[in-house]
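Structure record follows, encoded as structure tokens.
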Amino acid sequence: MATLLVNGRVLTDDGFRDDLAVLVGDDGRIAALPAAGDARRQDVRAFDLQGGSLLPGFIDLQVNGGGGVLFNNAPTVDTVRAIARAHRRFGTTALLPTLISDEVEVMRAAIAAVREAIAQGAPGVLGIHLEGPYLAPARKGTHDAGKFRVPDAGEIALATSLDNGPTLVTLAPERVPAEAIRALVERGAIVFAGHTAGTYEEIRAGLDAGVRGFTHLYNAMSPLQGREPGAVGAALEDRDSWCGIILDGVHAHPASLRLAVAAKPRGKVFLVTDAMPPVGSDDPDYVLYGERITAVDGVCRNAAGVLAGSALDMATAVRNAVRLLGLPLDEAARMASAYPAQCLGLGDNHGRIAPGCRADLVLLDAELQVARTWIGGEPDAP
């Protein structure tokens, strides 16, 4: 039976509207946005939004773990489902499980797990993000540089073998030949630069070869300086590329992120969490590459003090966009929904509340806390 969502502030393509309802068809898509006063019907079940803000569901393109599990440690369908389930509590209705640098066998298992999870219709699973292993040792962050390598033809074929969802590949353009970047793109991958020590010229060459964006802008990349713009300078200057940002107040200073939002065309900066197992779990500890990591005050660091992902959830990132960047809620919400959907080439069907779009939705209360989510029109448990 169709569902009618009433009595809320609905974020449409034109901004918030409090004079509309949302009709969700039994096919899991938005059928119409009828006028609120004309919306009551006998052939649908009604859901009262109680004055809350109804937003497109959040889309997170960088999720290493959640619910106490790390994708690298157990690249299985059960892990993928557990991660998606944990992040749904915080408004994320679609995500890319993210595998950080690892051996070929682990990559193969991870891709197979995501393929099967999508085939099974696992709620919230879109595709995969391979963050490495084609990275720069000088900007390795918490990655194991011993696993870094240059992809050959066989590994390019493996990295692009997911056939039922998008693949995002993060690499260091100065470490990967231009012809390999072009091959990844030709085989359908979306390529981002990250964990790179590249010069401005090397990053520009990567963009010319097909790099479309930057993974966690400012972090693990050559900085912007007066005489050497580096990866950050190339990212901020380029009009067409996308930038993911981790908005936890730790990975990058809010002033730096405000500069990025001001420098890039509207819609080219989006939110990611880079989340680790503590998100959606009571356990602050997890193991990465055999080393125990602990989240303290919401910050994940290894024994050397290096940031090891985050304990950030997407609802908190949206609130931080309002609180730390001074953005209105509608723009903060688009940075968590419409813009990442557009980056993946899914903007016509995802990340918007409009007729024909998937009914992936999140309801926020007055304090911008998640009150309810829907994936494909199906509500979470109350």
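The values are calculated or read from the model by the stated rules, or taken from the named source; none is laboratory data. Worth saying up front: this structure is predicted, and the values here are computed from it rather than measured. Positions of Cβ are backbone-derived with ideal geometry, glycine not excepted, and every protein chain shown enters the neighbour counts. Accessible surface is based on the protein model in full, side chains and every heavy atom, while ligands, DNA and RNA are left aside. Shrake-Rupley method; radii C 1.70, N 1.55, O 1.52, S 1.80 Å.
Taking H placed 1.01 Å from N in the peptide plane, check which residues at least 5 places from Trp242 or on another chain put their amide H under 5 Å from its amide H.
Close amide H contacts, sequence-distant or interchain: Gly213, Phe214.
With θ set to phi - 60°, apply the Karplus curve 6.51 cos²θ - 1.76 cosθ + 1.60 along the range 95-106 and write out the HN-Hα couplings as whole Hz, x wherever there is a Gly or Pro.
Here the 3J(HN,Hα) series is 7, 10, x, 10, 9, 7, 3, 7, 6, 4, 5, 5 Hz.
From the phi angles alone, apply the Karplus equation (6.51, -1.76, 1.60; θ = phi - 60°) to the range 76-88 and give each ³J(HN,Hα) in whole Hz, x where the residue is Gly or Pro.
10, 4, 4, 5, 4, 5, 5, 5, 4, 5, 5, 7, 4
Quick one: accessible area per residue over the chain, 1.4 Å probe, rounded to a whole number of Å²?
On the way: 14730 Å² over 382 residues.
In whole numbers, the chain has 39 Å² accessible per residue.
With every protein chain in place, what's the accessible area of Arg139 (1.4 Å probe, Å², nearest 10)?
80
Mind ordering 3-9, 13-19, 102-108, 87-93 by average Cβ neighbours within 10 Å, highest first? Mind dumping the intermediate values first?
On the way: 3-9: 20.9, 13-19: 12.0, 102-108: 16.3, 87-93: 26.1.
Highest to lowest by the protection proxy: 87-93, 3-9, 102-108, 13-19.
Quick one: Cα convex hull volume of the range 17-140, Å³ per residue?
142
Using the Kirkwood radius over C-alpha pairs as Rh, can you work out the diffusion coefficient of the range 122-226 via Stokes-Einstein at 4 °C, viscosity 1.567 mPa s, in µm² per second? Write down the numbers at each step before the final one.
Values: Rh = 13.8 Å.
Here the translational diffusion coefficient equals 94 µm²/s.
Suppose R0 equals 22 Å. What FRET efficiency, 1/(1 + (r/R0)^6) with r the Cβ-Cβ distance, do Asp27 and Asp348 give to the nearest 0.05?
Efficiency, from the Cβ-Cβ distance: 0.85.
Rank by packing, highest mean first: peptides 369-375, 211-217, 162-168, with packing defined as the count of other Cβ atoms within 10 Å averaged across residues.
211-217, 369-375, 162-168
Using Cα-Cα distances under 8 Å and only pairs 6 or more residues apart, what relative contact order does the range 293-376 have, in percent?
Normalised by residue count, the contact order of the range 293-376 is 15 percent.
Using a 7 Å offset from Cα along Cα-Cβ at Asp163, what residues in the range 106-134 end up with backbone N under 14 Å from the label point?
What the label zone holds, given the 14 Å backbone N cut-off, is 112, 115-116, 119.
Can you give me the long-range amide H partners of Ala32? Hydrogens built in the peptide plane at 1.01 Å from N, cutoff under 5 Å, separation of 5 or more residues or another chain.
Leu23
Among [x] 24; [y] 46; [z] 40, which is the computed percent of Cα pairs over 34 Å apart?
[x]
For the range 286-349, what does the equivalent ellipsoid look like in terms of its semi-axes, each the square root of 5 times an eigenvalue of the Cα gyration tensor, given largest first in whole Å?
Semi-axis lengths for the range 286-349 are 30, 17, 8 Å.
Work out from phi, with θ = phi - 60° and the Karplus expression 6.51 cos²θ - 1.76 cosθ + 1.60, the ³J(HN,Hα) of each residue of the range 238-243, listed in order in whole Hz, and give x for Gly and Pro.
Listing the rounded values in order: 6, 7, 9, 7, 9, 9 Hz.
How much net charge surrounds Asp248 when only the other residues with a Cβ under 14 Å from the Cβ of Asp248 are counted, with Lys and Arg +1 and Asp and Glu -1?
On the way: positive: Arg301, Arg319, Arg323; negative: Asp60, Asp274, Asp297, Asp313.
Once all neighbours under 14 Å are counted, the net charge is -1.
Using a 1.4 angstrom probe on heavy atoms only, work out the carbon and sulfur share of the accessible area of the chain in %. Mind showing how you got there, number by number?
Working: 7060 of 14730 Å².
In the chain, the share of accessible area belonging to carbon and sulfur is 48 percent.
Farthest toward the dipole's positive end in the range 195-332, which of Ser281, Ile293, Ala260, given Cβ charges of +1 (Lys, Arg) and -1 (Asp, Glu) about the Cα centre?
Ala260
Give the aspartates and glutamates whose C-alpha is closer than 14 Å to that of Lys268, dropping any in the same chain fewer than 8 places away, or say none.
Once the sequence-local aspartates and glutamates are set aside, what remains near Lys268 is Glu237, Asp238, Asp240, Glu331.
Taking amide H positions as placed 1.01 Å from N in the peptide plane, with prolines and chain starts having none, which residues 5 or more places from Leu20, or on another chain, fall under 5 Å of its amide H?
Val10, Ala36
With springs only between Cα atoms under 10 Å apart, run a GNM on the chain and tell me which of Gly351, Gly198, Gly298 wobbles the most.
Gly298
Express in whole angstrom the spacing between the alpha-carbon centres of the range 347-367 and the range 56-77.
Here the two parts' Cα centres lie 21 Å apart.
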